[in-house]
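The values are calculated or read from the model by the stated rules, or taken from the named source; none is laboratory data. All values derive from a computational prediction rather than experimental measurement. In this analysis, Cβ positions are derived from the backbone assuming ideal geometry, glycine residues included, and neighbour counts consider all displayed protein chains. SASA here: full protein model, heavy atoms, side chains in, ligands and nucleic acids out. Shrake-Rupley method; radii C 1.70, N 1.55, O 1.52, S 1.80 Å.
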Amino acid sequence: MSHTEEDTIVAIATPRGRGGIAIIRLSGPQSLKVAQQISGISPKPRFAHFRQFKDGNEVIDEGVVLYFPAPHSYTGEDILELQGHAGNIVPYRVMEAVLKIPGVRQAEPGEFTKRAFLNGRMDLTSAEAVEDLISAGSNSAAKAAMASLDGAFSKDMEKITDQITMFRVRIEGCLDFPEEHEDFFDSGRANSEIQVIINLSDLAIKRATQGIKLNDGARIVLSGAPNAGKSSLLNALSGSESAIVTNIPGTTRDILSINIELDGVPLMITDTAGIRDTPSDEIEAIGIRKALEALKLADLVIFMLDGSALLPNENEILSRLDELKKQSTPVLIAVSKSDLPLHSSVESFLSSDRLRSFTKVRISVKKTDGLKELKKAVSLGLGIMPVEGVYSARARHLSELKNAHLALIRAKEMLTFGDLVLCAQEMRCAQDHIGAITGKITSDDILGKIFSTFCIGK
């Protein structure tokens, strides 16, 4: 049987297992009927009733009944919550009793929030922020998600949309009645106004980019020759002995990852086997292959050199750095053992023209020298910046924002050439991209993909 928006949906909105409470949530026209059949009363709106929950004549649980009639509810529909005992069995018995009532079905992932969006209770940025808030991995990510849920992202998009709309009204008016609107374009006001919109979109891109970093985090890979100090740095950054450290080259055979937070951004730092062309055995060779795979996924590579020892193989190191450059991965060179004299071969290598474009930091994990500078360089390398008003965002938001930004730039170029028709077309294109972010312009296919990532009951 096909599902419709007129169905009443039900789901357990709390995690499975032992706990103080389990919430069975319903949304739809049968909510009040379910309350009457399960609890035996017609609940007073927004009032807590303590009742037994029954399946026919059998008492299966007891707890609180809450009823929120439309439109003043999360979804904009009638909502019922049955708050009973948690556990692996009891909540499911209550939900099974609810599902026996005609017109009620199991909710799909994210369907409650999808209905809130479809019923105009929130726009798409706020709806997606619900899932971002639930899955936040840091305090900063939670704050950014809450900002989106409160409408910070929407307000930015609304501001850009309003500016584009005003501009389009003028340009369309000029196309239809040129004699009445010539001053607007001839005076340069049009050019300055479109630049204001471009600046607004640029700020939104910065905020969204930072929001994605807060949400998704970043992957940092430690690379370099064997015994360069990668595992020691991993331990220093994690604050624990996560990796085995010895003076024997090739100690690290597999990849090892830790999670830390830097400037509010969750980071996964991966220690890899030292890369060399002649591994000592098959196990080290496998570790090197895994290291090379990890490098392809890195958002930033910290390439380590032992500053106290003779440079092992300059050409091999340059080849590794060139490979990373080809895949457009930012690289930071960390020179370990700064508590010891810098070896002349390393000093000469660091000052060579080939390394001029790389950021270089000297560190000592024994004395913790340079670690603060290293973290600062990592923040810069990842593009982590304190952007005021950051909100949670996703890759699709950033893609639409960038497309809107490009359309605005093209519109300004068309304005410079005096082609108002193409300028108007590009402005409409920019507005369509912004509309796709908030859900003003979207498709059922996109909505399906977005809400399928949500947990059931939300």
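Laid out as a table, the results:
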{"item": "First in the stretch 45-71 and touching a residue at least 12 places away in the same chain (Cβ under 8 Å), second anywhere and polar (S, T, N, Q), Cβ under 6 Å, 6 or more apart", "result": "Arg51/Ser39; Glu62/Gln52; Gly63/Gln83; Val64/Gln83; Val65/Ser39"}
{"item": "Residue in the stretch 33-49 that is part of a loop (DSSP other than H, G, I, E, B), open to solvent by less than 50 Å² (accessible area, probe 1.4 Å), under 23 Å from Ile134 (Cβ atoms) and of a type outside the set (Val, Ile, Thr) present", "result": "no"}
{"item": "The stretch 124-162, subset over 15 Å from Ala208 (Cβ atoms) and β-branched (Val, Ile, Thr), residue most open to solvent (accessible area, probe 1.4 Å)", "result": "Ile134"}
{"item": "Any chance Arg121 is touching a residue at least 24 places away in the same chain (Cβ under 8 Å), surrounded by fewer than 23 Cβ atoms within 10 Å (Cβ to Cβ) and under 21 Å from Ile21 (Cα atoms)", "result": "no"}
{"item": "Filter result for Ala377 (modelled with pLDDT of 85 or more and assigned to a loop (DSSP other than H, G, I, E, B))", "result": "no"}
{"item": "Options Val65, Val59; residue that is surrounded by 22 or more Cβ atoms within 10 Å (Cβ to Cβ), more than 19 Å from Arg105 (Cα to Cα) and aliphatic (A, V, I, L, M)", "result": "Val65"}
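So that you can scan it fast, the table gives a plain yes or no per residue for (1) open to solvent by less than 20 Å² (accessible area, probe 1.4 Å); (2) more than 22 Å from Leu422 (Cβ to Cβ); (3) at pLDDT below 75; (4) more than 33 Å from the chain's Cα centre (by Cα):
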site: Asp183; (1), (2), (3), (4): no, no, yes, yes
site: Asp186; (1), (2), (3), (4): no, no, yes, yes
site: Leu214; (1), (2), (3), (4): yes, yes, no, no
site: Val221; (1), (2), (3), (4): yes, yes, no, no
site: Lys230; (1), (2), (3), (4): yes, yes, no, no
site: Ser240; (1), (2), (3), (4): no, yes, yes, no
site: Ile244; (1), (2), (3), (4): no, yes, yes, no
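Residue-by-condition table, conditions (1) at pLDDT 75 or above; (2) open to solvent by less than 20 Å² (accessible area, probe 1.4 Å); (3) under 25 Å from the mean Cα position of the chain (by Cα):
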| position | (1), (2), (3) |
| --- | --- |
| Ile288 | no, yes, no |
| Lys296 | no, no, yes |
| Asp306 | yes, no, no |
| Asp322 | yes, no, no |
| Lys325 | yes, no, no |
| Ser328 | no, no, yes |
| Ile333 | yes, yes, no |
| Ser338 | yes, no, no |
